[in-house]
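Here's the structure, in structure tokens; my notes come after.
The values are calculated or read from the model by the stated rules, or taken from the named source; none is laboratory data. Everything numeric here is computed off the predicted structure, so don't read it as measured data. Every residue, glycine as well, gets a Cβ built from its backbone with ideal geometry; the counts of neighbours run over all protein chains shown.
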Amino acid sequence: MNFVKTGMLLAALTALFGVVGYALGGPNGMLIALGIAVVTNLFAYWNSDRLALGAHGAVEVDERTAPEYVGLVRALAERARLPMPRVYLIDTPQPNAFATGRTPEHAAVAATTGLLEALTREELAGVIAHELAHIKNYDTLTMTVTATIAGAISTLAQFGFLFGGRDSERSNPLVMIAMALLAPLAAMIIQMAISRSREYDADRIGAEICGEPMWLASALAKIEGWAARIPNPEAERHPATAPLFIINPLSGHGLDNLFSTHPATQNRIAALQELAQRRGRDAFGPARQGARGSGPASRSWGTGRLRRGPWA
């Protein structure tokens, strides 16, 4: 059902793009809008992973520099029947993670040092499995396309406001003001709705990959609590990357509404609890709030608190 919803929302976003182009320049304006969309999407298709990772200062790691972290990603990728993605570490205390890349063969998974410090091995497995689900579903490409189309709509609407639309509309500045304000807003709402619909599917498929829905549910509860209190300056400087993260990294995010990049965490946890119950497992209560270390996380991810899972 979420795949159908995503398709309908993408169609709506494309239609909005055409409407803005036509309103500003008639058939020629629509063709110009299409050209802008093609150029921006081609650029994003080839460079989205590099741009997202670079924006957050992500550093690539391997079995030598982060053996357990990389080993966990490898084990889960094999379980998901995916190519081994590149693995990155982001030096920030906020627990979070994201995946990027145009195809499974060109994918990357990035986790923050705060995430490796805050979670148990099982919880981290749930998070990594969620990100691998995004790669498996080509969600990273979908979100890149929606972000670039939404950005192009905003640019086109602002261009029309500054330079005017078709001759029949030049005498009515209210039309241009409305277009400049409402078109980007509508594009943002559709983009956020697409992002939210993809998160539920990634939670479900991620739970199947790691084998334990409640590992991810416990991780989401912990990440939500820490992310609300620990700022992520790079994410604040690059808010367009917020939909990539497993939990909204921006300050001031709230409930599952039109303007949120993610579903409400309690709704996601409830869905995972229901999945666990359907699988015949007992959904445990509130997530264990393990003690958080006061120092920076080790790049090799210390083994003191780790337990092996069935995928190891």
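What the table shows:
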| quantity | calculated |
| --- | --- |
| Residue pairs meeting the criteria (Cβ under 8 Å; at least 6 apart or on separate chains; first under 26 Å from residue 233 (Cα atoms) and part of a loop (DSSP other than H, G, I, E, B), in region 55-67; second modelled with pLDDT of 95 or more and not aliphatic (A, V, I, L, M)) | 56/92; 57/91; 58/88 |
| Tally of residues being over 16 Å from residue 247 (Cβ atoms) and modelled with pLDDT of 95 or more across region 214-235 | 1 |
| Candidate set: region 272-282, residues that are of a type in the set (A, V, I, L, M, F, W, C) and at pLDDT below 95; chosen: the one nearest to the chain's Cα centre (by Cα) | 275 |
| Filter pass, residue 96 being among the polar types (S, T, N, Q) and buried (at least 23 other Cβ atoms within 10 Å of the Cβ) | yes |
| Within region 92-115, tally of residues that are more than 17 Å from the chain's Cα centre (by Cα) and farther than 27 Å from residue 43 by Cα | 4 |
| Elements of type helices (runs of 4 or more DSSP H) in region 95-207, at least 3 residues being in contact with a Pro (Cβ under 7 Å, 6 or more places away or on another chain) and at pLDDT below 95 | 139-163 |
| Evaluation of residue 243 against (1) surrounded by 19 or more Cβ atoms within 10 Å (Cβ to Cβ); (2) modelled with pLDDT of 85 or more (one fails), failing number | (2) |
